[in-house]
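> Pasting in a structure now, in structure tokens, and then I'll have a few things to ask.
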Amino acid sequence: IMTQQVSGSPFFKPFFLKTPVSLLRQRRHTLPASEFRNLTPQDAISVFEIEREAFVSVSGECPLTLDEVLNFLGQCPELSLGWFEEGQLVAFIIGSGWGKERLSQEAMTQHVPDSPAVHIHVLSVHRHCRQQGKGSILLWRYLQYLRCIPGLRRALLICEEFLVPFYQKAGFKEKGPSAISISNMQFQEMEYTIGGQAYTRRNSGC
């Protein structure tokens, strides 16, 4: 509030700066508070920055390089899901198609179109949004979304032993040690059976 003295009067008359409230409201509601959508190649930089921060400090390398992120988001964006808050990416999953019973080293870089299985390459959450349950929520949304894609029967992934309980809570089952190794790290292969109808809820995407 600014005040302006009235000429010839000892009093002050309030003078309000006109704030374009309607404009602020319009701007505020331009972007949804929370949105789930498929990723595009335009999201690749944001994806890679979150991934790099999350994984390099722990394992020394990213599950996907920037070129691989761009490749998968170009070939199979429908197998990805991003969580955006106020237009900013806060968590994401990237998957690709796979046609064999078990994952092999080739699955790390290949997309097999029209396949009955999706290989989940990476699930990552922005460092400022961790320890809030966002990873579990996003994974649940993703698995429900996969039920909407005709022909998909299974979701596969590899993870370190300490992450097995996290994926088991989401409905994954262990398939045993993975044949894939990265920087001498050993992994367990997990499988989720996709069946039935997606749980009915608003904005389910089906």
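The values are calculated or read from the model by the stated rules, or taken from the named source; none is laboratory data. Everything numeric here is computed off the predicted structure, so don't read it as measured data. For neighbour counting, all protein chains shown are included, and Cβ atoms are generated from backbone atoms with ideal geometry for every residue, glycine included. The area values use the complete protein model at the heavy-atom level, side chains included, leaving out ligands, DNA and RNA. Shrake-Rupley method; radii C 1.70, N 1.55, O 1.52, S 1.80 Å.
> With θ set to phi - 60°, apply the Karplus curve 6.51 cos²θ - 1.76 cosθ + 1.60 along the range 80-94 and write out the HN-Hα couplings as whole Hz, x wherever there is a Gly or Pro.
Result, rounded to whole Hz: 10, 8, x, 10, 10, 10, 6, x, 9, 5, 10, 6, 7, 10, 10.
> Right, another one. Can you tell me the FRET efficiency between Ser34 and Glu61 if r is taken as the Cβ-Cβ distance and R0 is 45 Å, rounded to the nearest 0.05? Can you show the working numbers first?
Numbers: r = 31 Å, r/R0 = 0.69.
That pair, Ser34 with Glu61, gives E of 0.90.
> Something else now. Can you give me the distance in nm between label points at Arg153 and Glu49, each placed 7 Å from the Cα along the Cα-to-Cβ direction?
4.2 nm
> Using 0.36 nm times the number of residues separating Glu160 and Ile182, minus their current alpha carbon distance, what extension gain do you get?
On the way: separation 22, 0.36 × 22 = 7.92 nm, distance 1.10 nm.
Full-extension gain reported as 6.8 nm.
> For Glu78, tell me the accessible area in Å² from a 1.4 Å probe, rounded to the nearest 10.
In the full protein context, Glu78 sits at about 80 Å².
> While we're here: Divide the volume of the convex hull of the Cα atoms of the range 60-161 by its number of residues and quote the answer in cubic angstrom per residue.
About 125 Å³ per residue, rounded to a whole number.
> Still on this model: Tally up the carbon and sulfur contribution to the accessible surface of the range 34-193 as a whole percent, 1.4 Å probe, everything protein left in place. Walk me through the intermediate numbers first.
On the way: 3930 of 7760 Å².
On the range 34-193, the fraction of accessible area on carbon and sulfur atoms equals 51 percent.
> Just need the relative contact order of the range 34-193 here, percent rounded to a whole number, with Cα pairs under 8 Å and 6+ apart. Each step should come with its number before you reach the end.
On the way: 282 pairs, mean separation 30.4, N = 160.
Rounded, it is 19 percent for the range 34-193.
> Output wanted: per-residue J couplings in Hz (rounded whole) for the range 136-150, from phi through Karplus 6.51 cos²θ - 1.76 cosθ + 1.60, θ = phi - 60°, x for Gly and Pro.
3J(HN,Hα) across the range 136-150, in whole Hz: 5, 5, 5, 4, 4, 4, 5, 5, 5, 4, 4, 5, 7, 8, x.
> Rg and Dmax of the range 65-113, using alpha carbons, in Å: what are they?
12.3, 39
> Could you check what % of the DSSP bridge pairs in the range 34-193 are antiparallel, to the nearest 5? Could the numbers behind the result be given before it?
Numbers: 29 of 32 bridges.
Antiparallel bridges make up about 90 percent of those DSSP assigns within the range 34-193.
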